[in-house]
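The values are calculated or read from the model by the stated rules, or taken from the named source; none is laboratory data. Not measured: the values here are computed from a predicted model. Backbone-built Cβ (ideal geometry, glycine too); neighbour counts: all protein chains shown.
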Amino acid sequence: MSLERCQTALKEWAVTVDALAKGDQILLMRKGGIHEEGKNFRVLYPQFLLYPTYEHQKSDLLKPSHQPELARILTQPAPKDTITFSYWAKIFEVLEISQQDQVDSLSPHFIWTNAYAQSRLYWKPMLPLSVMLLRVFRMEKPVTVPHLPEYTGCRSWVDIVTNVPLGKVTPVLGEAAFQRRVDEVKGSLGLAVGAR
């Protein structure tokens with residue numbers, strides 16, 4: 001797949017971006033950020049760069065299987081003046097859930113602790129939790145851009161001033177493997193599999 005450029009990025013913990021990049025996880029959960037418009041998350045873009053962030057990552061918020069990866073990430077100096085983009089994603093489907101048992105059923109499909117995932121559900125409890133199923137692609141070459149002050153803060157979406165060239169992108173999971181993971185996620189929620 002050959003694409004041109006992208007200027008939209010979604011912020012996510014570096015350790016979660018790593019899990020997405022390895023195909024260990026195909027979903028993200030969102031409800032909002034302190035600086036989101038209206039403090040509510042909305043799926044504004046169907047495709048975007050994955051923007052690795054380094055704040056708020058803590059070992060006790062991750063399952064033991066992914067704590068070593070966070071330890072490795074934390075041994076490297078967090079970039080302060082630049083951002084490096086290596087992955088691009090397309091939203092395959094967005095599911096909305098509002099019950100704790102639904103979050104619990106998704107536990108095999110994410111790297112966070114159940115308690116952390118539940119905390120996302122219970123923040124602003126009247127709103128559903130958005131579960132985004134993502135098809136993740138490796139960019140042809142990592143692209144490093146300057147970090148600007150307007151990128152900071154607890155917001156999900158960032159408009160990158162630099163138009164980031166994607167080059168040839170390669171899916172981190174093949175078609176069959178990705179569809180199998182989608183079916184597993186939806187099956188965990190009791191939803192029909194094999195179709196959107």
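Here are the numbers for the structure shown:
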{"item": "Residues satisfying the stated conditions in the range 140-166, i.e. of a type in the set (G, A, S) and either loosely packed, with under 15 Cβ neighbours inside 10 Å or more than 21 Å from I91 (Cβ to Cβ) (or both)", "result": "G153"}
{"item": "Residue match in the range 27-35 (condition: crowded, with 17+ Cβ neighbours inside 10 Å, at positive phi and touching a residue at least 24 places away in the same chain (Cβ under 8 Å))", "result": "yes"}
{"item": "Candidates L27, L3, L20, L50 - the one that is at pLDDT below 90, in contact with a strand residue (DSSP E or B) (Cβ under 9 Å, 6 or more places away or on another chain) and under 27 Å from K168 (Cβ atoms)", "result": "L3"}
{"item": "Those residues of the range 152-196 which are under 24 Å from K11 (Cβ atoms) and among the acidic types (D, E), in sequence order", "result": "D159"}
